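The values are calculated or read from the model by the stated rules, or taken from the named source; none is laboratory data. Predicted model only: the values in this text are computed from it and were never measured. Cβ coordinates were reconstructed from backbone atoms using ideal geometry, including for glycine residues, and neighbour counts include every protein chain displayed.
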């Protein structure tokens, strides 16, 4: 196994490095999403309860204690509760636009890895085959065909490695992208609900 890795050359080492980076990104993003998914439901209920009682300072303190894109939106809505519904909605849109990059952090890099890994694998195979057939051209003929076959099989290692990295990376990239879109929609719905609460019960207090 180690011998194959060594023969894979710099291209295979690059693919392996990309696979490590992809794993780190996937783990970090799933831990992040799991954290904010667990906290946001409790956070919203606590903020909702505080707003219903007219305790806006308490609601702001709750948001500050649980930093996340969702809590930032809640805080923005509370801080601009005295503005007109239209102005408040515009401010929330601007805040949401600024928070989206936090949700999408490093996901683009994962998508890039998913796209370039098979291309690097193909590059390694092409360069490996060039070397293998270069041996054939240099000596005119090869008495043992297995020598040439071995060179080609070693060259194909990079293609296999590229696909092994690209396939799960693509699947998880799409899954994470879908997760981000779902979170954005959920935040918009919950902020709209909070806005209604402010209009109905808390803004005048």
Does the range 134-145 contain any residue that is part of a helix (DSSP H, G or I), modelled with pLDDT under 90 and surrounded by 15 or more Cβ atoms within 10 Å (Cβ to Cβ)?
no
Identity of the residue in the range 18-75, assigned to a loop (DSSP other than H, G, I, E, B) and under 21 Å from residue 102 (Cβ atoms), that ends up farthest from the chain's Cα centre (by Cα)
66
Here are some conditions: (1) within 29 Å of the chain's Cα centre (by Cα); (2) modelled with pLDDT of 80 or more; (3) buried (at least 18 other Cβ atoms within 10 Å of the Cβ). Residue 92 meets all but one. Which one does it not meet?
(2)
Given (1) under 22 Å from residue 40 (Cβ atoms); (2) surrounded by 15 or more Cβ atoms within 10 Å (Cβ to Cβ); (3) at pLDDT 75 or above, where does residue 178 come up short, assuming only one miss?
(2)
